[in-house]
Amino acid sequence: MARITAGVATSHVPAIGAAIDNGRAGDPYWRPVFSGYEFSKQWLAAAKPDVVLLVYNDHATAFSLDIVPTFAIGCAPDFPPADEGWGPRPVPRVEGHPELAAHVTQSVIQQDFDLTIINKMDVDHGLTVPLSLMCGQPERWPVRVIPLAVNVVLYPPPSGRRCYELGKAIRRAVESFDDDLDVQIWGTGGMSHQLQGPRAGLINQEWDNRWLDRLIDDPETVSRIPHIEYVREAGSEGIELVMWLVMRGALDPRVRVTHRFYHVPASNTAVGHLILENDG
Ligand code: DHB
Ligand code: FE
């Protein structure tokens, strides 16, 4: 059977993608950001998962504001990098896993979650920047990816609780797939940042780090944090953190912290990164 072997969480700042693509990763501003992913790249290369279920948000790129699904799953064989205004990032096409995606879709919908089925989609920085951070610049991504898009752009986003429960449903779905696959689940976005309005530039390092502590040790409580606390404490785009709860819900109640990293500044965002493994 397929198994979820680990969870990864990381921010997805678009300027990180630009720094990689333009050969600026060694600049004094960026070096400390990328240093937090050196271990992770080696860890992922050694872990060699077959599939990553990558929970991310589209930033009005593939979904215009005409149609905004709350949860959407990518069932296509591949997903081209999106043109976000400066041309598509020079990164490989993302190869999907249509068979597992179809199974997860059926299982999760039958567990009473509404997933929108996406058979054709371009993927923006929300998905490609985490891949670049974890995999570097290969000619072909070393893992198949099932995109799972969560609406955190247009009010109202799903609650943290619903995201956490979706993670549990995804775990049951993966564990009922017959093929022997090593599957990781990644939650992306966050941490504190606000890109708009009078509080643009907001970062809350104390809240972020306490939230990380509690996500690791007390996810049940974190899953009950209301939207208003994310917006008040972590800024309007801090709400992206609910996507990390999908990842956390798919893991055991107790997890081992294989890697933890936090860094400010990176563009307008506090960069957070975790690798978690099941511990019973
Ligand atoms: C930034 C962060 C984001 O999450 C995003 O989607 C766009 C920009 C930033 O820090 O600049
Ligand atoms: Fe974002």
How many of the residues making up the stretch 51-71 are out of contact with any helix residue (DSSP H, G or I) (no Cβ under 7 Å at 6 or more places or on another chain) and outside any strand (DSSP E or B)?
-> 11
Unmet requirement for Trp86, which otherwise passes all of (1) over 27 Å from Met191 (Cβ atoms); (2) surrounded by fewer than 20 Cβ atoms within 10 Å (Cβ to Cβ) | (1)
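Residue-by-condition table, conditions (1) within 16 Å of ligand 1 (Cβ to nearest atom); (2) at pLDDT 95 or above; (3) open to solvent by less than 20 Å² (accessible area, probe 1.4 Å); (4) in a strand (DSSP E or B):
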site: His12; (1), (2), (3), (4): yes, yes, yes, no
site: Ile16; (1), (2), (3), (4): yes, yes, yes, no
site: Pro32; (1), (2), (3), (4): yes, yes, no, no
site: Pro49; (1), (2), (3), (4): no, yes, yes, no
site: Ile73; (1), (2), (3), (4): no, yes, yes, yes
Only listed residue being free of Cβ contacts under 8 Å to residues at least 60 places away in the same chain and of a type in the set (S, T, N, Q), chosen from Ser40, Ser11, Ser35 = Ser35
Somewhere in the stretch 52-63, is a residue touching a Lys or Arg at 6+ places or on another chain (Cβ under 9 Å) and either within 23 Å of Arg171 (Cα to Cα) or hydroxyl-bearing (Ser, Thr, Tyr) (or both)?
-> yes
Just one of the numbered conditions (1) crowded, with 22+ Cβ neighbours inside 10 Å; (2) within 16 Å of ligand 1 (Cβ to nearest atom); (3) of a type outside the set (Ser, Thr, Tyr) is not true of Leu245; which one?
-> (2)
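Residue by residue, here is whether (1) of a type in the set (S, T, N, Q); (2) within 16 Å of ligand 2 (Cβ to nearest atom); (3) modelled with pLDDT under 95 holds:
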site: Leu195; (1), (2), (3): no, yes, no
site: Asn204; (1), (2), (3): yes, no, no
site: Asp217; (1), (2), (3): no, no, no
site: Tyr230; (1), (2), (3): no, yes, no
site: Glu237; (1), (2), (3): no, yes, no
site: Glu240; (1), (2), (3): no, yes, no
site: Arg254; (1), (2), (3): no, no, no
site: Thr258; (1), (2), (3): yes, no, no
Those residues of the stretch 51-65 that are modelled with pLDDT under 95 and more than 16 Å from ligand 2 (Cβ to nearest atom) come to a total of 1
What number of residues within the stretch 99-113 satisfy the criterion of being out of contact with any strand residue (DSSP E or B) (no Cβ under 7 Å at 6 or more places or on another chain), under 20 Å from Pro49 (Cα atoms) and buried (at least 16 other Cβ atoms within 10 Å of the Cβ)?
-> 1
For Glu240: the one exception among (1) touching a residue at least 60 places away in the same chain (Cβ under 8 Å); (2) more than 14 Å from ligand 1 (Cβ to nearest atom); (3) among the acidic types (Asp, Glu) = (2)
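Each row is one residue, and each column tells you yes or no for (1) of a type in the set (Gly, Ala, Ser); (2) in contact with a Cys (Cβ under 7 Å, 6 or more places away or on another chain).
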site: Gln106; (1), (2): no, no
site: Asp112; (1), (2): no, no
site: Val129; (1), (2): no, no
site: Pro142; (1), (2): no, yes
site: Val145; (1), (2): no, no
site: Ser159; (1), (2): yes, no
site: Gln184; (1), (2): no, no
Just checking, how many residues over the stretch 150-202 are open to solvent by 10 Å² or more (accessible area, probe 1.4 Å), polar (S, T, N, Q) and assigned to a strand (DSSP E or B)?
-> 0
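Looking at the stretch 128-146, which of its residues are part of a helix (DSSP H, G or I) and either touching a Pro at 6+ places or on another chain (Cβ under 7 Å) or over 17 Å from His12 (Cα atoms) (or both)?
Narrowing the stretch 128-146 to residues part of a helix (DSSP H, G or I): 128-135.
Hits for the stretch 128-146 are Thr128, Val129, Cys135.
The values are calculated or read from the model by the stated rules, or taken from the named source; none is laboratory data. Since the structure is predicted, the reported quantities are computational estimates derived from the model, not experimental observations. Note that each Cβ is placed from the backbone with ideal geometry, even for glycine, and that neighbours are counted across all protein chains shown. Please note that ligands, DNA and RNA were not included when accessible areas were found on the heavy atoms of the full protein model with its side chains. Shrake-Rupley method; radii C 1.70, N 1.55, O 1.52, S 1.80 Å.
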